[in-house]
Every structure is written in structure tokens, then in C-alpha cells.
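Working notes, beginning with the structure itself.
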Amino acid sequence: MRPWKITLILSSIVLLAEPRGASTNKIVAKAKPAAGEDWPVWGGKNRNFIVNASGLADSWPAAGPKKLWSRPLGDGYSAIAEEGGILYTAFRRGSKDVVTTLDAATGKTRWEYEYENPFTNAFSEKVGPGPYAMPQVIGDRVVTASSTGKIHSLDKNTGRPVWSHDLYGEFGGTNLEYGYSCHGLPYKDTLIYLSGGRGTGAVAFRQKDGAVVWKALEFTNSHSSPLLINVDGQPQVVALAANTVFGFNPDNGALLWTHEHQTNYGLAVSTPVWAPGNLLFVASAYGTGARVLQLNQSGGKTTVKELWYDRHLQLHIGTAIQRDGYVYFSRGYDGPVFMNAVELKTGKVAWQDRGFAKAQLLYADGKFILADQDGTLALCKASPEKFEVLSKASVLQSIAWTPPTLVGTHLYVRDRKTIEAFDLGR
């Protein structure tokens, strides 16, 4: 690694480094954070896209909610993490991936870390080269994954690299031609990544130094991110892979149960949803559809019962939100797309609405915030009885596949060209 060059400029410190490429770091005064819980990891604090927030307006002006700032950002689909008034995301600059931090109040860059990561998506005529995964804030680190399965753990204050791993090269991970997009799962002092491969399907790295704590399992990996659940008192990690959904012990990687869920092309993308009653909702597109499994555990043994399966309930890249016995998501892939509510225990579709393109969702203050791939942002109310659009506006363009991030009343969104901040407060 090349030595660091530190230059002092008045009240700011600029660090210039060139580990594995070039890294430019700018440290400025800390922004005043928005009131509300931070969004450090994929899906927010609880990894479920449900936010503890209040004070959201019940409607917006026709032009949309109040815009706080907007600025150009490079290509990519990486979501936006937030902690203490600092935003973390990633984008593409030529053949390099760039991890960046921004002042949440102004959008100004604080530091960047870039590294060579040439990649071409197998569907490059429509889909860019990434990055696809969100940098996650874990302790004093920001950790991200590239489209080629490279993991980087950086000092969150400076962007200085601390450790890295190559899931393909070191662990024989599944080479995903549409780009690696898994978000590592923090557990105790480890960070669990899905890799694929023989005996290395899942790998737990020590957060501090990247040391391998354990590696286990054999499966063909896909694009979904693992989820920590509790089954009758036992912590389990649930993972949606190319052909199966399964649970394993987060302390050692031991397989606890498995259930078939085959997805054409191995393109299972959405994160599983865990609901009261030990109900696990998993869904993918490409003709596969959705199912709900009921898990029960006694004496360390888990039993799995499939309550229903419906191949028509396809979930492609979007988030799914569970509330009061129902799951809400944007259903469809290559054809008509519907917002719908599905009863978790039965699979019964309560309603469907065709007003939006494929969409990402989050839930806060009794409302759904919807961001569709055409760039429409909407404020909605949804219950098992009806779906109501309170306000909507066109705010983005390109293929806007990135899920929105909400901190207090401040919303952060991006497409493949721009990142924007809005105030959704009353």
C-alpha cells in the first residue's frame, strides 16, 4: 500500500491516498442530523424498510415535496445509508467504483474512495455496471460490496481502507453475470456474506480486521441479502439463493433447514420478509412467484410448513413491506405491474392497483413512500381494504431502481445520474 499524504487546509483536512487505485478524502464540519433514527444498514435499522418516524405531511404540492438539494452523481443503483447527518452511497466513475460520503444537509462531498472494478452487466443494453450494493455503516466502518464480489471495509471518517476480500477469487463464490448485490449481515462482532461455492457458501468475517471466523454451506448464490430472524428463541439467518431458501446458524454457519424455491437464471433479488406468527415470505420473478413458509423450532430442530405458493405473485427487484398480517409490494416483471396487498397466511390478493411502474417501498408514520423506476415519487396509504395515493410527482429519471432512504422527515433518492434530498414534513 502506498503511504498516505496528509495536507492541512484551514479548517478542513484533505487526505490523498492511492491504495489499490486513488482515494480522495475531504473532511468537513459535521452536518446537523435530521431528527429521527439513523439508516445505517440495508433496509434501515431493522432491515425491513419500516421507519420509526413522525411528522410526515399528508399531502404534497403538485410539484412535489420541498426539495432540499440536488446534485449530479455517477451511474449506479447503490442505496443511501445515513448516520449522524452523513450519507454513504456508491457510484461508477469510468471503470472504477467510488464509495462516497456526503453532507446530508447540503449534499457536498466529504470523502471518496475509488478502486478499479471493470464489469459489464450481462444485460448491458438496459442495465449499467453497478455498483448495486449499499455501503453499510457498521461501527466505525463503512463496508460495501462491488458487482464483482469484492468486499471493502473502510474507516467511516476518512475512507481509509482497513481490510478487503474477494468472494470470487478467495472463496470460489458464484460468479453473478448480472452483478453481485448482497448486503452483508452484521451479527455480534462478525459480518456475514453470502458467497456461494462449496463449503464457502456463507462466510463470516470479523468486523474489526476481516479475519474469517467461519465458512460453511454449499449453494448457488443469487442477488438477495440475508436476514436475521428469531424462530422460537433461536437466532437464524435466512437466505434466498438461486434454487432454495434456507436457514442457518449465525454463530457457525450450520444448516438448520432448507426449502426449494427455484428461480430461472438464478435471479432471486428481493430480501425475505419475516412476519409475526413465524411467517417467512419469499418471492422472485422470472416465472417463479411467491410463497409463505411457517417455521417452528424446538430443541434446536426447525420444522418448515409451506402455507401457500402462487407463481403469479412475482417480485422482481422491489422491497416488500409487511403490516398486520399482509404484505405489500409491487408485483410484476416483464409486463403489467400492480401494487398489491397479499394476506400472508392464505396468499389471497386483497387488491391490486396499476398506477405505477415497478416500485420500491418504505413505511413510516402510517404511510407508504413509493419510488418507481420511471422516477415517480408518491405518498400513499394502504390497508387490506384499499390503496390510496395521497400525492405524487415526477422527481427522477433513467432507471430509478434505488430504494429511498428516510431519516426523520428527510428523504434521500437517486437515479443513475442524480441524488436528491426532500423534506416530507408537515
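The values are calculated or read from the model by the stated rules, or taken from the named source; none is laboratory data. Everything numeric in this text was worked out from a predicted model, so none of it was measured. Positions of Cβ are backbone-derived with ideal geometry, glycine not excepted, and every protein chain shown enters the neighbour counts. To get the accessible areas, we keep the full protein, side chains included, count just its heavy atoms, and leave off ligands, DNA and RNA. Shrake-Rupley method; radii C 1.70, N 1.55, O 1.52, S 1.80 Å.
Can you work out the PRE-style zone for residue 69? Point 7 Å along Cα to Cβ, and I want the residues of region 382-423 with backbone N under 11 Å.
Output list for this probe position: 420-421.
Once the other residues with Cβ under 12 Å from the Cβ of residue 243 are scored (Lys, Arg +1; Asp, Glu -1), what is the net sum?
Neighbourhood net charge equals -2.
Scan region 69-160 for GluC sites (Glu not before Pro) in coil per DSSP, keeping those whose Cβ has at most 15 other Cβ atoms within 10 Å, and list them by number.
Sparse-neighbourhood loop GluC sites (Glu not before Pro): 125.
What do you get for trypsin sites (Lys or Arg not before Pro) in region 368-418 restricted to DSSP loop and a cutoff of at most 16 other Cβ within 10 Å of the site's Cβ?
386, 417
Express in whole angstrom the spacing between the alpha-carbon centres of region 302-323 and region 116-148.
What the calculation gives is 26 Å, centre to centre.
Given a 1.4 angstrom probe, I'd like the percentage of the accessible area of the chain that is carbon and sulfur, rounded to a whole number.
Here carbon and sulfur together make up 48 percent of the probe-accessible area.
Cβ under 11 Å from residue 190's Cβ, residue 190 left aside: what net charge do those residues give with Lys, Arg +1 and Asp, Glu -1?
+1
Which residue, 337, 245, 162, tops the fluctuation ranking in a GNM of the chain built on C-alpha contacts under 10 Å?
162
Accessible area per residue, 1.4 Å probe, Å², for region 161-254: what's the number?
Accessible area per residue, region 161-254: 34 Å².
Tell me the GluC sites (Glu not before Pro) within region 345-424 that lie in a loop according to DSSP and have at most 15 other beta-carbon atoms within 10 Å.
Taking region 345-424 and a limit of 15 other Cβ atoms within 10 Å, the loop GluC sites (Glu not before Pro) found are 385.
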